[in-house]
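Participant: I am attaching a structure below and will ask some questions about it afterwards.
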Amino acid sequence: MLQSKGYAAQSSTSGLAPFSFERRDPKPDDVVVEIAFCGICHSDIHQVRDEWGGSMYPMVPGHEIVGRVTKIGKDVTRFKEGDLAGVGVMVDSCRVCDNCKAQEEAYCEKGFVGTYNARGYDGVLVHGGYSTNIVVNERYVHTLSARLEPKLAAVAPLLCAGITTYSPLRHWKVGPGKKVGIVGLGGLGHMGLKFAHSFGAEVTLFTTSAGKEADARRLGADHVVISKDPDQMAREKSKYDFLLDCVSAPHDLNEYLGLLRLDGTLCQVGLPEKPLPVNAFSMVTNRRSMSGSMIGGMAETQQMLDYCAEHDIVSDIEMTSVDQINQAYERVVKADVKYRFVIDMETL
Ligand code: NAP
Ligand code: ZN
Ligand code: ZN
């Protein structure tokens with residue numbers, strides 16, 4: 001077995017603390033990645049605190065992982081020792097269902113294996129990236145262009161926040177001539193702004209935080225609406241083709257559905273712990289659609305990473321040491337992070 005050190009939660013109320021554990025020895029098609037940086041996603045916090053139910057402990061969170069390959073199995077073809085590598089939200093899927101064959105592993109019919117808080121198909125609990133190393137089948141590891149190396153820490157959040165916003169913006173063909181709203185300026189939201197702007201859309205940020213306006217414009221917003229101000233919201237009614245809702249906490253979806261023009265779509269990516277009630281009138285008016293999207297497939301994630309390398313897009317990060325994770329969580333919950341915490345694993 002491979003020795004690993006990390007930070008784990010032992011229960012929904014324990015917070016995170018140092019933890020030693022073992023990972024499997026690499027199989028012939030596995031790579032071992034020594035982790036350099038790992039992002040802190042709000043999904044880590046939801047799961048550590050068991051806000052979605054069913055959390056499994058001990059839990060080493062982290063699914064925005066970048067590092068270097070230190071060992072490869074004998075059948076590995078896409079990596080060699082010393083290569084940069086990225087691991088995101090999944091580490092396995094069935095590979096044979098219709099959705100896996102269509103390169104939509106996030107919607108694997110058997111259920112993909114999450115990077116942490118999940119059991120592999122062999123029943124073993126798997127641990128994530130707040131740790132020194134990880135062992136993953138090479139099919140679920142991404143290559144990283146050398147162009148991304150100088151900003152490696154800021155690349156980590158692309159593995160979840162990046163693909164989770166890139167995928168729906170591509171799926172709903174956001175681009176020139178489209179009026180698009182991004183709701184919530186956190187880790188996902190700030191990547192949503194960058195991509196929507198880069199794809200050529202006219203972009204509005206909807207935020208509860210008046211203090212984020214200048215940053216929003218720098219990140220790609222053409223307009224900023226303070227969502228707590230009813231007059232500002234009323235002026236946006238029935239104007240939008242597409243809204244990407246990146247909010248982590250309960251909020252009124254009907255207010256946002258009301259912003260969609262004829263045949264507009266609201267796509268939910270934020271995952272608050274409680275249901276979000278929708279009024280039927282919000283939907284039938286303007287023949288609106290309500291949808292959702294989960295991360296993105298392996299091929300699309302690679303496309304997104306390559307797009308980011310080509311267009312010089314990375315995340316805006318605050319670096320944190322591993323012993324400050326609990327404090328970082330508190331700031332994320334208060335919507336006070338600019339705009340993603342990344343853990344420097346050298347501090348472990
Ligand atoms: P985050 O960095 O905490 O950002 C969430 C943002 O939501 C905050 O910055 C804030 O933006 C807004 N917000 C927070 N509380 C609010 C409230 N009470 N009312 C209105 N707005 C509020 O979180 P994240 O890492 O971007 O993740 C966002 C959500 O997406 C989480 O629920 C996460 O679990 C989920 N997620 C889903 C997927 C997927 O595959 N679908 C993947 C990753 C994450 P403002 O300050 O601008 O208002
Ligand atoms: Zn995530
Ligand atoms: Zn499958």
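The values are calculated or read from the model by the stated rules, or taken from the named source; none is laboratory data. Fair warning: this is a prediction, and the values are worked out from it, not measured in the lab. Cβ coordinates were reconstructed from backbone atoms using ideal geometry, including for glycine residues, and neighbour counts include every protein chain displayed. These area figures cover heavy atoms from the full protein model, side chains too; ligands, DNA and RNA do not enter into them. Shrake-Rupley method; radii C 1.70, N 1.55, O 1.52, S 1.80 Å.
Participant: Given all pairs of different Cα atoms, what value in angstroms does the Kirkwood hydrodynamic radius of segment 298-348 take? Present the calculation step by step, with values, prior to reporting the outcome.
Facilitator: Working: mean 1/r = 0.0792 Å⁻¹.
About 12.6 Å, per the Kirkwood formula over Cα pairs.
Participant: State the extension gain, in nm to one decimal, for the chain segment bounded by LYS27 and ASP312, taking 0.36 nm per residue of separation less the distance between their alpha-carbons. Show your work: numbers first, answer last.
Facilitator: Numbers: separation 285, 0.36 × 285 = 102.60 nm, distance 3.49 nm.
Answer, rounded to one decimal: 99.1 nm.
Participant: Quick one: plug the Kirkwood hydrodynamic radius of segment 3-139 (C-alpha pairs) into Stokes-Einstein at 25 °C, 0.890 mPa s, and report D in µm²/s.
Facilitator: On the way: Rh = 15.3 Å.
Estimated via Stokes-Einstein, D reaches 161 µm²/s.
Participant: With the dipole of the chain worked out from charges on the C-beta (+1 for Lys and Arg, -1 for Asp and Glu) around the Cα centre, which of ILE65, VAL126, VAL224 lies farthest toward the positive end?
Facilitator: About the Cα centre, the residue reaching furthest to the positive side is VAL224.
Participant: Also, I was wondering about something else. Counting only Cα, what are the radius of gyration and maximum Cα-Cα distance Dmax of segment 121-163, in Å?
Facilitator: In Å, with Rg to one decimal and Dmax whole: 12.7, 38.
Participant: So, one more: Probe of 1.4 angstrom, ligands and nucleic acids ignored: what's the accessible area per residue over segment 162-292, in square angstrom? If you can, show how the numbers build up before the last one.
Facilitator: Values: 5580 Å² over 131 residues.
About 43 Å² of surface per residue is accessible.
Participant: What is the percent carbon and sulfur in the accessible area of the chain, measuring with a 1.4 Å probe over the protein chains and ignoring ligands?
Facilitator: On the way: 7450 of 14600 Å².
Roughly 51 percent of what the probe reaches on the chain is carbon or sulfur.
Participant: Report the relative contact order of segment 162-292, percent, no decimals, based on alpha-carbon pairs under 8 angstrom and at least 6 residues apart. Mind dumping the intermediate values first?
Facilitator: Values: 272 pairs, mean separation 27.8, N = 131.
That works out to 21 percent.
Participant: A further question on this structure: Quick one: give the max-minus-min coordinate of the C-alpha atoms of segment 197-348 along each principal axis, largest first, in Å.
Facilitator: Reported extents, whole Å, longest axis first: 53, 33, 30.
Participant: Still on this model: Quick one: compute the contact order of segment 1-56, relative version, from alpha carbon pairs under 8 angstrom and 6+ residues apart, as a percent.
Facilitator: Computed over segment 1-56, the figure is 31 percent.
Participant: Show me the trypsin sites (Lys or Arg not before Pro) within segment 1-101 that DSSP assigns to loop and that have at most 15 other Cβ atoms within 10 Å of their Cβ.
Facilitator: Working: sites: LYS5, ARG23, ARG24, ARG49, ARG68, LYS71, LYS74, ARG78, LYS80, ARG95, LYS101; in loops: ARG24, ARG49, LYS74, ARG78, LYS80, ARG95.
The qualifying sites are ARG24, LYS74, ARG78, LYS80, ARG95.
Participant: If you find the alpha carbon centre of segment 328-348 and of segment 133-159, how far apart are they in angstrom?
Facilitator: Comparing the Cα centres of segment 328-348 and segment 133-159, I get a distance of 19 Å.
Participant: Stokes-Einstein diffusion coefficient for segment 108-257 at 20 °C in a medium of 1.002 mPa s, Rh from the Kirkwood formula over Cα pairs: what value in µm²/s? Walk me through the numbers on the way to the answer.
Facilitator: Working: Rh = 17.4 Å.
For these conditions, the coefficient is 123 µm²/s.
Participant: Continuing with the same structure: Please identify every one of the GluC sites (Glu not before Pro) in segment 100-183 that sits in a loop by DSSP and has no more than 13 other beta carbons within 10 Å of its own beta carbon.
Facilitator: Values: sites: GLU104, GLU105, GLU109, GLU138; in loops: GLU104, GLU109.
Taking segment 100-183 and a limit of 13 other Cβ atoms within 10 Å, the loop GluC sites (Glu not before Pro) found are GLU109.
Participant: Now for a different question. Please compute the alpha carbon radius of gyration of segment 166-210, then divide it by the globular-protein estimate 2.2 N^0.38 Å. Two decimals is fine. Don't skip to the end; give the middle numbers.
Facilitator: Numbers: Rg = 9.9 Å, N = 45, 2.2 N^0.38 = 9.3 Å.
So the Cα radius of gyration is 1.06 times the expected 2.2 N^0.38 Å.
Participant: Which value in deg cm²/dmol, rounded to the nearest 500, describes the helix-derived mean residue ellipticity at 222 nm for the chain, given -39,500 (n - 2.57) per DSSP H run of n ≥ 4 and division by the residue count?
Facilitator: My calculation for the chain gives -6000 deg cm²/dmol from helical runs alone.
Participant: Okay, moving on. Holding the Cα-Cα limit at 20 Å, pick out from LYS212/LYS338; LYS27/LYS80; LYS101/LYS194 the pairs that are longer than that. Please list the in-between numbers first.
Facilitator: On the way: LYS212/LYS338 9 Å; LYS27/LYS80 15 Å; LYS101/LYS194 30 Å.
Beyond 20 Å between Cα atoms: LYS101/LYS194.
Participant: If you consider only alpha-carbon coordinates, what radius of gyration and Dmax does the chain have, in Å?
Facilitator: Here Rg and the maximum Cα pair distance are 19.7, 63 Å.
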